[in-house]
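Input: a single structure, listed below in structure tokens.
The values are calculated or read from the model by the stated rules, or taken from the named source; none is laboratory data. Worth saying up front: this structure is predicted, and the values here are computed from it rather than measured. Quick reminder, even Gly has a Cβ in these numbers, built from the backbone with ideal geometry, and neighbours come from all protein chains shown. Surface areas here come from the heavy atoms of the whole protein model, side chains and all, with no ligands, DNA or RNA. Shrake-Rupley method; radii C 1.70, N 1.55, O 1.52, S 1.80 Å.
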Amino acid sequence: MNYNNTLSWMFSQLPMYQRQGNTAFKKDLTNSLALSKHLNFPEKKFKIIHVAGTNGKGSTSHMLASILQEAGYKVGLYTSPHLKDFRERIKINGKVIRKADVTNFIKNNNDFLVENKLSFFEMTVGLAFDCFAKQQVDIAIIEVGLGGRLDSTNIITPEVSVITNIGLDHTQFLGETLPEIAFEKGGIIKNNIPVIVGEFQEAVFPVFEKIASEKNAPLFLASENYTANYQSDLKGSYQQHNIKTVVKTIEILKGKNFNILEENIKQGLLNVKNNTGLLGRWQLLNVNPKVICDTGHNKEGLSYVLTQLQNEAFDTLHFVFGVVNDKDLKQILPLFPKKATYYFCKPDIPRGLDAIKLKLQCASFGLKGETYSSVQAAYKEALENASDNDLIFIGGSTFVVAEVV
């Protein structure tokens, strides 16, 4: 099989959560453990930082990778989902793996993958671990896909576990309350391994304290005693939360004999995009008119993004907006500005919510606009309507952003 055929086969094996929704969720690590054994335990051959959380885990993971690259380490980076190219999920020193790495992995392990009915996500995690081991990375940043406790990545023993924050997202899998979700994400806390919590949240911090205490895991709060003032090329005021988490994580690594200088931290934070190729975080796509996109898509993520929008200067706001069909719109639509022209569209995936249905739901929250046949059609219309002093924002879903970056 060539690369495109290989990808098509992977996507079709078992439903993939990002595209299909809850039918893809597996409450079991059996397959991940079996694949690890089949591959001769690749995840034991390099050091790891494990990153979970509702928001910020992608930016945090990329910042950490960037700093460690600046410090001279060979760094693996596993994140999800991808925006344009599947291989964005698996990078070494900011470069995506080769197409041949994907096709050879599937070809060489095909019988095992088919026989054990591995899901897309389980295969992809195995591929990442296998590539990192073969390329002899010094350390890998491994971002949790969904939850933590039962996520396919949770077969590892990291140097440090990181939980950025907890919000109400993926409640159909992780629980309906913040403490329930915190319990799932706290599942990455390991015996005697330090854990860093990015933000203090009264409803969930006791959950982490309890798990950490039971596992004798030293617990750190990133915002505690933080006095530095680092800047980053990842814009958006919400990144300050992530920077605190990253700086605390680096402090723990330095205590474990990692050689990371102050200059590595500064340069790493200032060159995240260049070092890692990260896309879609408060990303500027055009100057006149100003066009910004952001992948924030749940209540907490959108709250940060929409607050940031209020700090922008513009005459008229044009909002290209699309979501997936399992999004709880009653939770997020009250956050949205009524003084904006909306361009409703459906991201081009099976889970995309029909633009007409989206328009109807938005109307009951005073959000007005027209529907368009695609994200690109909506963006094109917004560009035609906007003057140089206007602002176009594109968001609501990772998959909307994927079509414009």
### Query
Of Ser374, Ser59, which has the most accessible area and how do the rest follow, probe 1.4 Å?
Ser374, Ser59
### Message
Can you find, among Met63, Asn271, Val114, the residue sitting farthest towards the positive end of the charge dipole of the chain, where Lys and Arg contribute +1 and Asp and Glu -1 at Cβ?
### Response
Val114
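What pairs in Lys44/Lys99; Lys95/Lys346; Lys37/Lys134; Lys117/Lys185; Lys266/Lys327 have C-alpha atoms more than 27 Å from each other?
Lys95/Lys346; Lys266/Lys327
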### Task
Note down the magnitude of the dipole of segment 168-290 about its Cα centre, charges +1 on Lys and Arg C-beta and -1 on Asp and Glu C-beta and zero elsewhere, to the nearest 20 debye.
480
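Provide Asp328, Asp151 ordered by accessible surface of protein heavy atoms (probe 1.4 Å), highest first.
Working: Asp328 80, Asp151 10 Å².
My answer, sorted largest first, is Asp328, Asp151.
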### Query
Does anyone have the angle between helix 375-385 and the longest principal axis of the chain? Alpha-carbon axes, 0 to 90°, nearest 10?
40
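Relative contact order of segment 235-327: what whole-number percent is it, with Cα pairs under 8 angstrom and at least 6 residues apart? Before the final figure, lay out the partial values.
Details: 45 pairs, mean separation 23.1, N = 93.
About 25 percent, as a whole number.
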### Task
Enter the accessible area of Met1 (Å², nearest 10), with the probe set to 1.4 Å and all protein chains included.
130
### Message
For the chain, give me the percentage of DSSP beta bridges that are antiparallel, rounded to the nearest 5 percent.
### Response
20
### Query
Relative to the longest principal Cα axis of the chain, at what angle does helix 3-13 sit, 0 to 90 degrees, rounded to 10?
90
### Task
Write out the trypsin sites (Lys or Arg not before Pro) in segment 297-405 meeting two conditions: DSSP loop, and at most 15 other Cβ atoms within 10 Å of their Cβ.
Lys338, Lys339, Lys368
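Rounded if a/c is under 1.5, else prolate if a/b beats b/c, else oblate: with a ≥ b ≥ c from the C-alpha gyration tensor eigenvalues square-rooted, which is segment 234-302?
Values: a/c = 3.21, a/b = 1.86, b/c = 1.72.
It is prolate, given that a/c is not under 1.5 and a/b is the larger ratio.
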### Query
Which entries in the list Lys57/Lys248; Lys190/Lys256; Lys45/Lys273 go over 22 Å, if you measure between the two C-alpha atoms of each?
Lys45/Lys273
### Cα-centre dipole for the chain with unit charges at Cβ (Lys and Arg positive, Asp and Glu negative), debye to 20
680
### Message
Let me check something: with ligands and nucleic acids excluded, how do Ser237, Ser373, Ser61 order by accessible area (1.4 Å probe), largest to smallest?
### Response
Ser373, Ser237, Ser61
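Mind checking the full-extension length gain between Lys74 and Lys266? Use 0.36 nm per residue of separation minus the Cα-Cα distance, one decimal, nm.
67.3 nm
Cα gyration tensor of segment 194-348, axes a ≥ b ≥ c as square roots of the eigenvalues: rounded (a/c below 1.5), prolate (a/b > b/c) or oblate?
Taking the square roots of the gyration eigenvalues as a ≥ b ≥ c, segment 194-348 is oblate.
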#### Entry: Convex hull projection area averaged over all views, the chain, Cα basis, nm²
18.9
#### Entry: Within segment 317-405: Cβ-based charge dipole about Cα centre, in debye rounded to nearest 20 (Lys, Arg +1; Asp, Glu -1)
380
### Query
Against the longest principal axis of the chain, how steep is helix 99-108, in degrees 0 to 90 to the nearest 10, with axes from Cα atoms?
50
## Note on the structure
Contact order relative to length for the chain, counting C-alpha pairs under 8 Å separated by 6 or more residues, stands in percent at 17
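Just need the Rg to Rh number for segment 319-367, please, alpha carbons only, Kirkwood Rh.
Reported Rg/Rh (Cα atoms, Kirkwood Rh): 0.93.
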### Message
Along the charge dipole of the chain, pointing to its positive end and built from +1/-1 on Cβ of Lys, Arg, Asp and Glu, which listed residue (Asn311, Ser213, His297) has its Cα farthest out?
### Response
Ser213
#### Entry: Solvent-accessible area of Val125 with every protein chain in place, 1.4 Å probe, in Å² to the nearest 10
10
### Message
On the principal axes of its Cα set, how long, how wide and how thick is segment 273-405? Give whole Å, largest value first.
### Response
36, 33, 27
### Task
At a temperature of 20 °C and a viscosity of 1.002 mPa s, determine how fast segment 200-256 diffuses translationally according to Stokes-Einstein, using the Kirkwood radius over alpha-carbon pairs as Rh; express D in µm²/s, rounded to the nearest whole number.
165
### Task
Hand me the trypsin sites (Lys or Arg not before Pro) from segment 230-263 located in a DSSP loop with no more than 11 other Cβ atoms within 10 Å, in residue order please.
Lys256
#### Entry: Sparse-neighbourhood loop sites, GluC sites (Glu not before Pro) in segment 245-319 - DSSP loop, at most 11 other Cβ within 10 angstrom
Glu312
